[in-house]
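Enquirer: My structure is below; once you've seen it, I'll send some questions.
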Amino acid sequence: MKHSIQVSGNQATIFLNDKIYVGDASLLRDDLLEIIDQGITDLRMDLSRLTYIDSSGLGTLVTINKRTKEKNGRLVLMGAQGMPFDLIKRTRLDNVFTVE
């Protein structure tokens, strides 16, 4: 998986590409926790180019969502489609996350 982060003020947009496996999820979590700790708590995650996510990737999303809420911020998932979207719906995480 490749990811990139664009920061503007208190907002960051995270672009995810390809697939998220356990190793990728760990790196992504560390990068996002670091920017949250810097005070950037309004996160928008673009999943439009994500083709696969495993349980560790979903766990990372849950962790990041929880941390942003603790800091009075939010995580918005955008553009999810295919398998990642189906998995978010099947696990009912669409009731936990803001999904656009």
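Here, each number is a calculation from the coordinates, and none is a lab measurement. These numbers come from a predicted model, not from an experiment. Glycine also receives a Cβ, built like all others from the backbone with ideal geometry; neighbour counts cover every protein chain displayed.
Enquirer: Name the trypsin sites (Lys or Arg not before Pro) in the range 2-92 that are in a loop by DSSP and that have at most 11 other C-beta atoms within 10 Å, would you?
Expert: Values: sites: Lys2, Lys19, Arg29, Arg44, Arg49, Lys66, Arg67, Lys69, Lys71, Arg74, Lys89, Arg90, Arg92; in loops: Lys71, Arg92.
Hits after loop and neighbour filter: Arg92.
Enquirer: Name the residue farthest towards the positive end of the dipole of the range 2-99 from the options Leu16, Ile40, Ala80, assuming +1 on Cβ of Lys and Arg, -1 on Cβ of Asp and Glu, about the Cα centre.
Expert: Sorting the options by dipole projection puts first Ala80.
Enquirer: Between Rg and the Kirkwood Rh of the chain, both from Cα atoms, what is the Rg to Rh ratio? Present the calculation step by step, with values, prior to reporting the outcome.
Expert: Values: Rg = 12.1 Å, Rh = 13.2 Å.
Taking Rh as the inverse mean 1/r over Cα pairs, Rg/Rh reads 0.92.
Enquirer: Report the gain in length on full extension from Asp54 to Met78: 0.36 nm times residue separation, minus Cα-Cα distance, nm rounded to one decimal. Could the numbers behind the result be given before it?
Expert: Numbers: separation 24, 0.36 × 24 = 8.64 nm, distance 1.78 nm.
So the extension gain works out to 6.9 nm.
Enquirer: Based solely on its DSSP helices, what 222 nm [θ] is calculated for the chain when runs of n ≥ 4 H residues each add -39,500 (n - 2.57) and the sum is averaged over all residues, nearest 500 deg cm²/dmol?
Expert: Taking each H run of at least 4 residues, the total per residue is -13000 deg cm²/dmol.
Enquirer: How much length is gained on full extension from Val62 to Thr13, taking 0.36 nm per residue of separation minus their Cα-Cα distance?
Expert: Extra length from Val62 to Thr13 when fully extended: 16.0 nm.
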